[in-house]
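All remarks here apply to the structure that follows.
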Amino acid sequence: MTDPRELAARQPANFVLGAATAALQIEGGADLRGRCGWDEFAEQPGRIIDGSTPALTCDHFHRSEEDLELMSGAGLDGYRFSISWPRVQPEGSGRVSSEGLDFYDRLVDRLIERGIRPMATLYHWDTPIPLEQQGGWKVRSTAERFGEYAAIVGERLGDRVADWVSINEAATVVLNGYGLGVHSPGEEQLFRAGAVARNMVLGHGYAVQALRSVPVAGRIGVTNTHTPVSPATDSKKDKAMAGLLDFVHNRLFADPVLLGRSPEVPRGLPLPMRLMLKSVSRMSRKDLELVSQPLDFYGLNYYFPSLVAAGADPTGMSPDGESEAAKDLPFRLLDWPDLPQTDFGWPIAPDGLRQISQQMAERYGTRLPPVVITEGGASFNDAPSPDGSVNDDDRVAYLAAHIGVAADLANGAIPGFELEGYYVWTLLDNWEWAAGFSQRFGLVHVDFDTLERTPKSSYHWIGDVQRARRGKTEV
Ligand code: FCB
């Protein structure tokens, strides 16, 4: 199952096996950029589990050469990174920091020199503070500013970036940031937060328009997180609540972007809730045209399937932390009785990737462009053994199973669903948002006191898979 040669044999030749990161989680270099919402959020007591901040993290900003060397060592085909909006535009509008852009310019050049395909995400959650103060994603003007920023980055890097991702996981920002308050900006508006989704979808539309008009040479897409949702029982209530999570997670963003229409509100929900969901998801014809411009690929992040029961969790637990607001949700997520879990408590279900791909193929048909798994991975907090090695066999098993499913999909397992590659989350142990440094997802262990990088067994295993694919020497 975890034999690198076996997995290598299953992957089509043009399959892209890469790793993904996000600026705020690894860069550090906070004194050389503007501040973002997460800087302030992290400074509020009790927001981040270990009280840490994103000021230094892995200091990738100063250690990118070493990190590039690590990417080459694992033989990665592609690297997905994000561009820090406040590093490029410290105020979120107007003035551009050319030093900020220089950093990404060099990074892209170095990737290309090494034969690694650069995929750049324009927004991975770091909203510049001045925009946050003006309402963040609650106001349409943030979407317009995002379009301007996309044009600036596109002008500078557009001749070399292979793949562009406009926005990463709008669903998570809406649910965790504006709905439950466990992420920045820490608002607890529950379903009213749905209006934020509309502005994020618009931001995507403005960014695509800007990149197309530069025009950039690379391909343009968006990344969302998707989860196959099942009701805990056949009861009407559980089914209605599963429909509600499916709506918020899987349709609120994807339907306008891929189908050019607002998603249909699921049946079986109480009337006031239906009306509220209708009002937060409705968009004008003109806006729908803006957000549904054709894409070259669709980025799918897959971590786990969701099991939903009606009624709130009295402890207010969500997969990303405890939230007072979660106690007012009309549903809760249950543990899957038969599935093992990662150290984050997330269920491990490679088949969920097949299920969600099947659902997307059925829902979107020919409107679905080729898909890239832009993130997938697991938190296991293995520490270095006395001999210095880090043995993360659980991660190897996780990746082997998930990349195996991805390989089958890339070989056409689901008609109409074209899969191009899989980006492992993530290259380095990093600052995992509200979980601070307490959850390690990396192929490479980072000691957060010394910043020393130690490749784990999973890193060596990915390298073996890649060497086997290239038909090189023994593995
Ligand atoms: C995703 C995020 C990414 C990381 C992983 C574990 O939702 O896009 O930044 O936190 O989860």
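The values are calculated or read from the model by the stated rules, or taken from the named source; none is laboratory data. Remember, predicted model here, so these are calculated numbers, not experimental data. Note that each Cβ is placed from the backbone with ideal geometry, even for glycine, and that neighbours are counted across all protein chains shown. With ligands, DNA and RNA removed, areas are computed over all heavy atoms of the protein, side chains included. Shrake-Rupley method; radii C 1.70, N 1.55, O 1.52, S 1.80 Å.
Remarks
- Just one residue in the set ALA13, ALA55, ALA19, ALA74 is over 20 Å from the mean Cα position of the chain (by Cα), of a type outside the set (D, E, K, R) and closer than 20 Å to TYR398 by Cβ; that residue is ALA74.
- Matching entry among PRO455, PRO386 (being touching a residue at least 12 places away in the same chain (Cβ under 8 Å) and farther than 15 Å from GLN11 by Cα): PRO455
- Put simply, of VAL182, VAL174, VAL161, VAL96 the only residue that is hydrophobic (A, V, I, L, M, F, W, C), outside any helix (DSSP H, G or I) and under 28 Å from LEU269 (Cα atoms) is VAL182.
- Scanning the stretch 292-309 for residues that are within 30 Å of PRO330 (Cα to Cα) and open to solvent by less than 30 Å² (accessible area, probe 1.4 Å) yields GLY299, LEU300, ASN301, TYR302, TYR303, PRO305, SER306, LEU307, VAL308, ALA309.
- Filtered by the rule that a residue be at pLDDT 95 or above and either of a type outside the set (D, E, K, R) or open to solvent by 10 Å² or more (accessible area, probe 1.4 Å) (or both), the stretch 253-264 gives PHE253, ALA254, PRO256, VAL257, LEU258, LEU259, GLY260, ARG261.
- Some residue of the stretch 192-212 being within 26 Å of ILE373 (Cβ to Cβ) and assigned to a loop (DSSP other than H, G, I, E, B): no
- Test for GLY404: is it assigned to a loop (DSSP other than H, G, I, E, B) and out of contact with any strand residue (DSSP E or B) (no Cβ under 6 Å at 6 or more places or on another chain): no
- Lone unmet requirement of (1) within 27 Å of the chain's Cα centre (by Cα); (2) outside any loop (DSSP other than H, G, I, E, B); (3) closer than 28 Å to ARG140 by Cα for ARG274: (1)
- If you go through the stretch 213-229 and keep only what is more than 11 Å from the ligand (Cβ to nearest atom), out of contact with any strand residue (DSSP E or B) (no Cβ under 6 Å at 6 or more places or on another chain) and under 19 Å from ALA242 (Cβ atoms), you end up with just PRO228.
- Any hit, the stretch 124-134, residues being within 16 Å of the ligand (Cβ to nearest atom), surrounded by fewer than 24 Cβ atoms within 10 Å (Cβ to Cβ), closer than 26 Å to SER323 by Cα and not β-branched (Val, Ile, Thr): yes
- Search result, residues across the stretch 401-434 that are open to solvent by less than 10 Å² (accessible area, probe 1.4 Å), within 12 Å of the ligand (Cβ to nearest atom) and of a type in the set (Gly, Ala, Ser): none
- Note on the stretch 228-249: residues that are of a type in the set (Val, Ile, Thr), more than 21 Å from ALA195 (Cα to Cα) and open to solvent by less than 30 Å² (accessible area, probe 1.4 Å) total 1.
- Residue within the stretch 176-183 that is hydroxyl-bearing (Ser, Thr, Tyr) and either open to solvent by 10 Å² or more (accessible area, probe 1.4 Å) or touching a Ser or Thr at 6+ places or on another chain (Cβ under 8 Å) (or both) present: no
- Residue list for the stretch 373-399, filter: over 20 Å from the mean Cα position of the chain (by Cα) and open to solvent by less than 30 Å² (accessible area, probe 1.4 Å): VAL390, ASP392, VAL396
- Residues being touching a Pro at 6+ places or on another chain (Cβ under 7 Å) and open to solvent by less than 10 Å² (accessible area, probe 1.4 Å) - total across the stretch 68-122: 7
- Matching residues, the stretch 2-23, being within 16 Å of the ligand (Cβ to nearest atom) and either at pLDDT below 95 or in contact with a His (Cβ under 7 Å, 6 or more places away or on another chain) (or both): ALA22, ALA23
Table: residues versus (1) in a helix (DSSP H, G or I); (2) open to solvent by 50 Å² or more (accessible area, probe 1.4 Å).
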{"site": "ALA9", "(1), (2)": "yes, yes"}
{"site": "GLY18", "(1), (2)": "no, no"}
{"site": "GLN25", "(1), (2)": "yes, no"}
{"site": "GLY34", "(1), (2)": "no, no"}
{"site": "TRP38", "(1), (2)": "yes, no"}
{"site": "GLY46", "(1), (2)": "no, yes"}
{"site": "ASP50", "(1), (2)": "no, yes"}
{"site": "THR57", "(1), (2)": "no, no"}
{"site": "PHE61", "(1), (2)": "yes, no"}
